[in-house]
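Working notes for the structure below.
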Amino acid sequence: MEHTSGKRGGRGRGSFDRDQGPKNKKGYLDENTMTYYRRVSDTLSEFQDKNDEEKSIFLNNAFTILTEEVVKVAQNQTVSTIIESLIAVASPSNLRVLFVAAVSDLTVAFLDRFASHVFESLVQKLPLFFNQPTHGAEDDEEDDVSQDVFLESFETVWQFVDSHFETLVTHVYGSHVLRALLEALSGVPVAHELKKSQRSGYGRKGKDQVAPVQKTGLPDEFKPLFDKYTEKLFRTCDYEVHLKDPFFSLLMQAVLMMWQKTESKLCQKHCKKILHRVVQTCASPETDKPQDRIPDVAQDTVGSHLLEVIFKLSCVEILQEVFDTLLQGKLLYYAIHPVANYVLQSFISAVKEKAVMESLFDELCKNMEDILAVGHLGLVTCLAETCQRLRLKQDELIVTLMEAFHCKEPEERQKSLAKLLASLTTYDVFFKLDAETGKPPEGAEEVKLKGPINIHGSLLLQQLLQFQKPKDAALGILAMQPEELQVLCCDPSGSHIVDVYFSASTVLEKNKDIFLKKMKGLLVDTACNRNGSRCLESVWKNLGVKNRTKVAEELAESDRLRSDRFGHFLFYNFSLALFSADRKLWLERQGVESKRKRMMKELLHSAESPEKKRKGGAQDLITQEEEDGEEDSVTTMFMKHKKDNHTKQQAKKQKRSEDECDDDESPPLRTKQEHHITGEKQKKKKKKDKAKALAIELCESEEESESLVKQEKEKAKRKKGKKKAVCVLITQVLESEEDSTIPKRKKSKVKDKKEHAADKKMKKMKKRQTVN
């Protein structure tokens, strides 16, 4: 029997396939039909990654037969998945024909367990029907339908939606098809962003940012349909029931996300409206039952997802109102609730105002031990992440954690913070202290960190290492024994702590060196571990040449890496064979790589803050332009520096040009010899004047520009007749030392010749004097 994995729920259920049921069962197909579509599936897999004429002919033939029986065969579990794979590679003409055929029975297309998935796939391709033309010979134009027939079928779909709207919004399959239709109308796909299960969302870090709107929807003339049915959705909403309905709520989340990317004000309006209805369902703060102080929606496994999406989309003013009306004074009840704590996590992640975060932090820290006791560690990690993002309350959080893990006093206990977080146990439990004496039992062995590392403890420790002052976390890691550090490197969760330790800019370089010294003698075993190999490769990227050499020396001494399952990756990636054969060449390559990385960082830094180098860089740019020649790349460099101060400098330039016109004088950068320059020299002179003028505009005052002009005139007179050496430095390429010294050697030769000629002239004058 065949089993296929489903998109939603029951698509891949159980051990029975629909095609194996009795003949009178819906979705049953005879053996010949099943064999045919299985052969279609096999042939399609053979044509994968190919785009030739044979594939086009095959698809045209398959769709010709499929169009005649799509409503019937789409109700079969196996065939429906095959049809979806055909739709993914079909041409617009084939899709149009199939769409028209599927519209013949919309009840099946919307509400059937398997056919709804096929129709949803067709709806997702609707923009191709309007925006992408047919591909000439690749499409069989005779089998295509006219635009009028297609638009008539499209109108039939919306008539069905209008008459069955209340049924579709709460239907397990129809709601998904309706959402796909709204996505096609808006041009904003949001299905991948919807939360369908209870997850804290750490794996989604960096993916929740609002992406730019991509116009992949239907033409603008269909926009009134989107406005009509989205407004109808909220108009027909029964807030007490539908906010907790698994299908209506998901549809509402999708519409809010679409509005956020197309009509932000409308999104904020409805977010505020939903929150006001939620507040009304909340009991008074004086109630005796703690669960009554939290809204029903926040306690519901479905409604909580809707609140999370609303917090993510809401503006600062709405979040402030949410804190004042729903959260303030009730944070402990949210924090210890098995469902509402996820709502609180989403709110903390969405907070942008420091004042709100400070109030929230102070209230939660009073009950930190209670939160840890119920095991809601994701909330603590989320709190640390927001402290790191907003750069506030970082020291207070570390102190609170020390108190919660009983390692604040005496002071020597503070070095155990990293161990306690990694194992997520208090100091008393970790070191097995006696309850009466507060000391470990006599004769007890030294307690060391052992795996596995707690995932939430790992995430929390990673955030602490990225704080502005990660001293306590960093020293806690250095206080571990070498064997404990190896446990960190070889653990699936602990290895990421080591990654952050070496990549964090706030951790001192000397502390990173100490870590490597402690790992001496254990690197080979670590490299031969699955997680340790990955960890060392990540650490290698953040090491300098000196530390890389030390690591390579230890790894190259053993032949174990070359043949090990995981160690051979490091053997080749670290070029250990070259290290053993020719260390000098290996060092040169590592040095070049380090220089390139450092250069890229400097270039990025200079691009971020050009104003810091603007004042002092103008004079240097002029000197280089005069000595090394004129190139268009230099002009581009000037234009980048000029951007921020453009308006002010343009005014100065205009004033200077008016003064020059009134006095009928030549431009200040022009010399008397300019009229005698012809051909290529004249072109170079014009480029030079343009570059100098741009450089002068970079100066902050007219006095500086006038002084630059005088200096340029004097240099031009002194260097009359001298040959110009063109040596334009391109910062993106690492030049060799020999190339960079060529201009200097030429200058020195010219200087020696000049001095030699002067000596000869002096000797001749002395001889004449003696003769006279």
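None of the figures in this text is laboratory data; all of them are computed from the coordinates on show. All values reported here derive from a predicted model rather than from experimental measurement. Positions of Cβ are backbone-derived with ideal geometry, glycine not excepted, and every protein chain shown enters the neighbour counts.
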Averaged over all directions, how much area does the convex hull of the C-alpha atoms of segment 393-519 cover when projected, in nm²? 7.7
Net charge near PRO482: determine it from the other residues with C-beta under 10 Å of the C-beta of PRO482, scoring Lys and Arg +1 and Asp and Glu -1. +1
Explain nothing, just the number: dipole magnitude of segment 393-519 about its Cα centre with +1 on each Lys and Arg Cβ and -1 on each Asp and Glu Cβ, in debye rounded to the nearest 20. 400
Distance in Å, no decimals, from the C-alpha centre of segment 333-409 to the one of segment 238-282 is 27
Taking other Cβ within 10 Å of each residue's Cβ, how do GLU308, GLU445 sort, fewest first? GLU445, GLU308
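Under a Cβ-Cβ cut-off of 11 Å, what is the net charge of the residues other than LYS448 that fall near it, where Lys and Arg count +1 and Asp and Glu count -1? Mind showing how you got there, number by number?
On the way: positive: LYS419, LYS450; negative: GLU445, GLU446, GLU483, GLU484.
Local net charge: -2.
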Under Stokes-Einstein, segment 537-596 at 10 °C and 1.306 mPa s, with its Kirkwood radius over C-alpha pairs, diffuses with a coefficient in µm²/s of 136
At a 10 Å Cβ-Cβ cut-off, how would you order LEU587, LEU417, fewest neighbours first? LEU587, LEU417
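For THR64, THR426, which order do you get if you count the other beta carbons within 10 Å of each Cβ and list the fewest first? It would help to have the intermediate numbers written out before the result.
Values: THR64 13, THR426 16.
Neighbour counts put them in this order, fewest first: THR64, THR426.
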Treat every Asp and Glu Cβ in segment 537-596 as -1 and every Lys and Arg Cβ as +1, leave all other atoms uncharged, and give the resulting dipole magnitude about the Cα centre to the nearest 20 debye. 260
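Using only the Cα atoms, what convex hull volume per residue in Å³ does segment 509-564 have? Kindly include the intermediate steps, with their values, before the conclusion.
Working: hull volume 4.2 nm³, N = 56.
That works out to 76 Å³ per residue.
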